[in-house]
Amino acid sequence: MLVIAAALPIVGCGGTGGGDRIGAATAELRDFTGDSVVVQWNLIAVQTIGATAPFPATRAMAAVQGAVFEAVNSITGEYEPYFATTLRAPAGANPEAAAVAAAHGVLTWLFPAEAATLLQEREASLSAMPDGQAKTDGVAAGEAAAAAMIAARTGDGSAPPLFWTPASSAPYEWQKTPSCPPSGGLFYHWQNVKPYGIQSSSQFRAPPPPSLDSDRYAKAYDEVQAVGSVGSLQRPQDRADVARVYAAQPPHQGWNDVARQILATRHDNITDTARTLAVMNMTLSDGHITVFESKYFYRTWRPETAIARGDEDGNPATVAGPFTPFIVTPCFPSYPSAHGSGAGGASRVLVKAYGRFHSVDLSHPAVPGVVLHYDDLKDIVSDVSDARVYGGIHFRFDQDAAESMGRAVANYNNRHILRKRGQQDQGDDDDD
């Protein structure tokens, strides 16, 4: 259930870099027993990434959490390794020290401007652990895992950026919206980024969107036209709040915040937590890589283009009219939704690991006075869908297809990477 209340400080929401910010956010988390150091460095990673664009951000989080998992698992050996060349740490190496060194190494590579702050965090974390051969070997294991991840992600297709120029102005074909730069559609190259778990960006391509003359298209068109415009009188205040929070909060911030809140109620094995955070963040990144392959394969128009040109779609049930979306339209094709893919995938990983029902609060400094409270992870997914429709930037079918895509990516990654040693294949069941 969603509750809107006076804003409370929520650890891990927002921020754009800087030592004071990271230190203040993590000081209360300095506990190095069990999985707490993995959780702490997850927060440091989220806050170091800060306002980085959403899709490079999920790539970065996946690299960090993947390295942390590989470092810890090279000591505990509870799961199959991520890299084909297995890293093996000496017996007795400290897995907490390994987690710190792995996260620090990848973050410093990704964000060299934050090197001094990250070094302070590393020293603070390691100084809380007893000196000796175990810590030394743990640090070495973490540095080796970081180096392996850096090598794997160097030249992975995330740069240089490529842009899309619309091929035609035909109905349903994506057109540049007012937020677009002259260069055209953004993140055209993201479909070429090397996935973390899935085999290719087209492996879980979304099915075709509904045809323009279909009842399904008309129903989705009518919904976003009614509730998604900036001046809509049919958008309840709670849906406006949801739209604004999820417009401000990128998936890597929100879903890692959800995971940390769940983990705060538990005392799990360090390797189990490292594995869950790795698979969740790899799934977020793979879902975004997949979604851009589908976006630029289908290249469908956004609601603000579609509604202005509603008399051209050949559907007698749609009525054209002026339309300015409540939320600024992102500059790339509409179908399917990147936020929807992230929600479907991340929630699926968390549900498989911890179950559906948890008390979670989400907020963002850009939307003061609003806290979203949940007791069911499925309700977060539903609100993400509403946020994009009531924000006027997506059709409902964009969200539905993306959520299914995200779940499929999550199921695949849960089955095929970082598997428990000796675990039998349990299939791609999608029951929650």
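Just so you know, all these numbers are worked out from the coordinates, no wet-lab data involved. Note that this is a predicted model, so its numbers are computed, not measured. Because the Cβ atoms are built from the backbone with ideal geometry, glycine has one as well, and the counts that use them run over all protein chains shown.
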ask   = Does anyone have the angle between helix 377-390 and the longest principal axis of the chain? Alpha-carbon axes, 0 to 90°, nearest 10?
value = 40
key: Fewest-first ranking of 189, 104, using other Cβ atoms within 10 Å as the exposure measure   = 189, 104
task = May I ask for the angle, rounded to the nearest 10°, between helix 133-153 and the longest principal axis of the chain, with both axes built from Cα atoms and the value confined to 0 to 90°?
result = 30
task = Among 393, 198, rank each residue by its count of other Cβ atoms within 10 Å, from fewest to most, as a rough exposure measure.
result = 198, 393
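Please give the FRET efficiency for residue 165 paired with residue 83, using the beta carbon to beta carbon distance and R0 = 45 Å, rounded to the nearest 0.05. Can you show the working numbers first?
Values: r = 39 Å, r/R0 = 0.86.
Efficiency, rounded to the nearest 0.05: 0.70.
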message = Positive end of the dipole of the stretch 4-416, charges at C-beta (+1 Lys, Arg; -1 Asp, Glu), about the Cα centre: which of 36, 182, 50 has its Cα farthest in that direction?
response = 182
key: Using alpha-carbon coordinates, inclination of helix 251-263 to the longest axis of the chain, degrees   = 50
key: Cα centroid separation - the stretch 315-379 against the stretch 229-278, whole Å   = 9
task = Report the FRET efficiency, 1/(1 + (r/R0)^6), for residue 328 and residue 116, where r is their Cβ-Cβ distance and R0 is 25 Å, rounded to 0.05.
result = 0.15
task = Answer with a single label: of [x] 17; [y] 24; [z] 12, which was calculated as percent of Cα pairs over 43 Å apart from the structure in view?
result = [z]
Segment residue 133-residue 151, length gained on full extension (0.36 nm per residue, minus Cα span) = 3.8 nm
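Among 397, 357, which comes first, second and so on when ranked by fewest other beta-carbon atoms within 10 Å?
Numbers: 397 22, 357 11.
Least crowded to most crowded, the residues run 357, 397.
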query = What pairs in 352/420; 194/295; 194/420 have C-alpha atoms more than 20 Å from each other?
reply = 194/420
request  = Please tell me the relative contact order of the chain in percent, rounded to the nearest whole number, where contacts are Cα pairs under 8 Å and at least six residues apart.
outcome  = 23
